[in-house]
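What follows is calculated from the coordinates using simple rules that are stated; it is not laboratory data. Owing to the predicted nature of the structure, the values given are computational and were not obtained by experimental measurement. No Cβ is skipped: glycine too gets one built from the backbone with ideal geometry, and neighbour counts run over all protein chains shown.
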Amino acid sequence: MVVVRPTDDGHEILFYDLVHADRAPRRVPGKDSATGLAVSPDGRLVASSNQAGQVRLLDPAKGELIETVHGHLNAAVGIAFSPDGRRLISSSGGRETVKLWDVGTRQELLTLAGGGFLAAATWSADGDVILAGSPWQAWRAPTWAEINAAEAKDPPASSYGEPRKAEGKQP
């Protein structure tokens, strides 16, 4: 069993192996302070948000960084896995209050605008509602069928920064 927490300054994530309590914790460094931590429902993944607007995915068993995804222009603060562990939300403020991520592909699925700076993020128990606050705001979470249908109509760009493929015939 592993316990995870940020250091007091937030620049490192510590992983404590409770089976081997005599061992020093594994440390995953970061240059920006961690602002939130979430553990996936199956315990196989840890997500951290930071002041640089990044979401970092970590392997708690190995105490290693898996990947960093970039999404928020400002600090990403709240972070939470969906009950099924397949989606992740991160919260911030302004026009990009909440971002919804696909955990498997590491792709941003959508951005939700809200009011104010929302420091906390969570899901309803059934995974149908995204909540961020305070003050608390709620959005209906899209189903996988809705996500797949939207991607079929407007597939994601093949690489960062490229325009999306246009539908219809070119002149």
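Just a few scattered comments:
- Among (1) 11.4; (2) 19.2; (3) 10.1, the entry derived from the coordinates for mean projected area of the Cα convex hull in nm²: (1)
- The mean sequence separation of alpha-carbon pairs under 8 Å and at least six residues apart, normalised by the residue count of segment 2-153, gives a relative contact order of 13 percent.
- Pairs of Lys residues in the chain that lie 8 or more places apart, or on two chains, and have C-alpha atoms under 23 angstrom apart add up to 6.
- Segment 1-34: trypsin sites (Lys or Arg not before Pro) falling in loop per DSSP and having at most 13 other Cβ within 10 Å: ARG23, LYS31
- The HN-Hα couplings worked out from phi for segment 4-15 by the Karplus form 6.51 cos²θ - 1.76 cosθ + 1.60 (θ = phi - 60°) are 10, 7, x, 5, 4, 8, x, 7, 9, 9, 9, 10 Hz, whole numbers, x standing for Gly and Pro.
- Taking the number of Cβ atoms within 10 Å of each Cβ as an exposure proxy, the fewest-first ranking of LEU37, LEU88, LEU118 is LEU37, LEU118, LEU88.
- Annotation: amide H of LEU110 within the under-5 Å range of LEU100, sequence separation 5 or more or interchain, hydrogens built in the peptide plane.
- Of all stretches in the chain that contain no chymotrypsin sites (Phe, Trp or Tyr not before Pro) in a DSSP loop with at most 16 other Cβ atoms within 10 Å, the longest one is 1-135.
- Computed FRET value (nearest 0.05) for TRP144 with LEU37, which takes r as the C-beta separation and R₀ as 22 Å: 0.30
- Ranking of ASP22, ASP84, ASP9 by count of other Cβ atoms within 10 Å, fewest first: ASP22, ASP9, ASP84
- With Cα atoms, 0 to 90° folded angle of helix 144-153 axis to the chain main axis: 50
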